[in-house]
1. If a residue must be assigned to a strand (DSSP E or B), under 15 Å from Ala33 (Cβ atoms) and not aliphatic (A, V, I, L, M), how many such residues does segment 83-125 contain?
2. Go through (1) in contact (Cβ under 8 Å) with a residue 24 or more places away in the chain; (2) acidic (Asp, Glu); (3) open to solvent by 70 Å² or more (accessible area, probe 1.4 Å) and name the single condition Glu74 misses.
Amino acid sequence: CVVPGTNVTPPHSTIRPGFPVPVNTNNPEVRRAARFGVYRYNNSSNDLFLFKESQIKKAMVQIVRGLKYMLHVEIKRTVCEKRDHPSLDRCHFQRQKNLQQMLRCYFEVWITPWTHKVHIPVAHCH
């Protein structure tokens, strides 16, 4: 059975790609993947402040030549300015009402552990 939009593996490959399966949003690997999505968002936004994940709403994982995470994440503006480049772990969320902002994001984060590569083909936030 072929699903449109999934990667097709070469006929001689021993890897059979699976369908996306739900995964616990508290899983450390899921949290790590969400952070990669946030880095991608921060690198492409023109906001003065860095954003950080506030809640992972839903997570799926699919095995396709590595692990592809499909994440629905809420991110919020922090007090850390982009030009300072601090560690996001030490950035607190904005407390000033007029500066607070929350975005809903969908990230696809593809991690191939054996090559230590991370690819983020999709990062949509609104």
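The values are calculated or read from the model by the stated rules, or taken from the named source; none is laboratory data. Computed from a prediction, not measured in an experiment: that's the story for all the values here. Glycine gets a Cβ as well: all are built from the backbone with ideal geometry, and neighbour counts include every protein chain shown. Surface areas here come from the heavy atoms of the whole protein model, side chains and all, with no ligands, DNA or RNA. Shrake-Rupley method; radii C 1.70, N 1.55, O 1.52, S 1.80 Å.
1. Looking only at segment 83-125, we keep the residues that are assigned to a strand (DSSP E or B), and these are 93, 102-112, 117-125.
Checking the rest, the ones that are also under 15 Å from Ala33 (Cβ atoms) come to 105-112, 117-123.
Within this subset, residues satisfying the condition of being not aliphatic (A, V, I, L, M) are 105-108, 110, 112, 117, 119, 121.
Count: 9.
2. For Glu74, the failing item is (3).
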